[in-house]
Amino acid sequence: MLFEAIDPRFEDLIDMDAALEPVSVGHKVTEGIIWWPQKNCLIFSDMGVGKVYKWDPETFETTAIKYPSNISNGNFIDTEGRIVTCEHATSSITRMEPDGRYMKTLATHYDGKQLNSPNDVIVDSKGRIWFTDPTFGRTSKVAGLLREPEMGFQGVYCINEQGELILSRKDFEQPNGLCMEIGEKTMLVNDTPRQEIRRFKVEDDGTLTGGEQVCKVDGRPDGTKIDKDGNIFTTASGNMQVFDKNGVLLGNINVPGQCRNFCFGGEDRSYLYFACETIYRVKTKTQGAEFFK
């Protein structure tokens, strides 16, 4: 069964008879999937082959736009259409211009120590870049390079408007997916081993306060996004769970294969795109929250 409704409200979000559509096949370890609104296309990383791809919904063609990718993981598109990326192999945050001809390194170290392995990244309407920094890229032969961490903790960081790297919060076991909520006053952060999603208040100085548990996830949460009404979608040990904004479980989406991350996409943000060995999509009854709102 593809869809499992736990709460009747789940059927307001998902057509229970909808079918998954494969759009790009033959991949290994996909991640970092995000819609590129300025170019009306999808991008995603394949850590297994060290490439970042673009998928065109008009032609259904998949082409590499970054190779080698330094084992890129999370990607996000900023207000200028630039691709901000987490690189596992270099433990860095980079930014690529829309035409792909120029790339800038934005962060590699904090307090004189190399970052662990930046994993997921978002950009807010002020241009601030927020990212998680677990150690997964130092412990996996498939999705990183085996090496000892220098940092001593796993945190969330902010690169502010002046380019300064700020440690926003560090009381995590392994922070993973993160997502701004509507209005950008609060942020959701997954802590994968603790199987929880936490909500933080976003402060003007780039720090995060609060941090109460919003969702207890059945599985290990990876990527997280919200829809236009603030409902929380998260991958969990390969599948997906959907919660309301208060953390009440609405239902499950049983995606084939190992789904690590996902995004809303399409011109009206009404498709869910799933990053598995095959990239799938399904039409929903909702829309993803609009970037920079």
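With a 1.4 Å probe and all protein chains kept in place, how much accessible area does E173 have, in Å² rounded to the nearest 10?
Taking all protein chains as shown, E173 has close to 90 Å².
Using a 1.4 Å probe over the heavy atoms of the protein chains, calculate the carbon and sulfur portion of the accessible area of the chain as a whole percent.
Details: 5410 of 11890 Å².
Carbon and sulfur atoms account for 45 percent of the accessible area of the chain.
Quick one: putting +1 on the C-beta of Lys and Arg, -1 on the C-beta of Asp and Glu, what dipole do you get for region 1-144 around its Cα centre, in Debye to the nearest 20? Mind showing how you got there, number by number?
On the way: 15 positive and 21 negative charges, 209 e Å.
I would put it at about 1000 debye.
Ignoring everything but the protein chains, give the 1.4 Å probe accessible area of F76 in square angstrom, nearest 10.
20 Å²
Find out how many positive minus negative residues lie around A18, taking Lys and Arg as positive, Asp and Glu as negative, among other residues whose Cβ is under 14 Å from that of A18.
On the way: positive: R281, K283, K285; negative: E4, E11, D12, D15, D17, E21.
Net of charged neighbours comes to -3.
Protein chains only, probe 1.4 Å: how do H88, H109, H27 rank by accessible area, largest first? Before the final figure, lay out the partial values.
Values: H88 0, H109 90, H27 25 Å².
Result of the area sort, largest leading: H109, H27, H88.
Under a Cβ-Cβ cut-off of 15 Å, what is the net charge of the residues other than S91 that fall near it, where Lys and Arg count +1 and Asp and Glu count -1?
Taking every other residue near S91 into account, the sum is -3.
Using only Cα atoms, locate the centre of region 237-286 and the centre of region 35-64, then give the distance between them in Å, rounded to an integer.
Answer, in whole Å: 17.
Could you do me a favour and compute the accessible area per residue for the chain, 1.4 Å probe, result in Å²? Before the final figure, lay out the partial values.
On the way: 11890 Å² over 293 residues.
It amounts to 41 Å² per residue over the chain.
Just read off the accessible area of T94 with the full protein assembly in place, 1.4 Å probe, to the nearest 10 Å².
For T94, the solvent-accessible surface is approximately 10 Å².
Largest first, what is the accessible-area ranking of R198, R9, R260 with a 1.4 Å probe?
Values: R198 20, R9 100, R260 50 Å².
If we order R198, R9, R260 from most to least accessible, we get R9, R260, R198.
Stretch K170-E267 to full length: gain in nm at 0.36 nm per residue minus the Cα-Cα span?
Values: separation 97, 0.36 × 97 = 34.92 nm, distance 3.62 nm.
Here the segment from K170 to E267 would lengthen by 31.3 nm.
Keeping every protein chain in place, order E161, E87, E21 by accessible area at 1.4 Å, biggest value first, i.e. largest first. Mind showing how you got there, number by number?
Working: E161 100, E87 5, E21 65 Å².
So, going from the largest accessible area down, we get E161, E21, E87.
Quick one: length gained pulling K216 to D15 fully straight, 0.36 nm per residue minus the C-alpha distance?
69.9 nm
Can you list the residues, at least 5 places off or on another chain, whose amide H is less than 5 Å from the amide H of G210, using H built in the peptide plane?
Here K201 satisfy the definition.
Classify the chain: rounded, prolate or oblate, from the alpha-carbon gyration tensor (a ≥ b ≥ c, eigenvalue square roots; a/c under 1.5 rounded; otherwise prolate if a/b is larger than b/c)?
Values: a/c = 1.45, a/b = 1.18, b/c = 1.23.
Since a/c stays below 1.5, the shape of the chain is classed as rounded.
The values are calculated or read from the model by the stated rules, or taken from the named source; none is laboratory data. Remember, it's a predicted structure, so these values are computed and weren't measured experimentally. Virtual Cβ from ideal backbone geometry, glycine too; neighbours counted across all protein chains shown. Accessible surface is based on the protein model in full, side chains and every heavy atom, while ligands, DNA and RNA are left aside. Shrake-Rupley method; radii C 1.70, N 1.55, O 1.52, S 1.80 Å.
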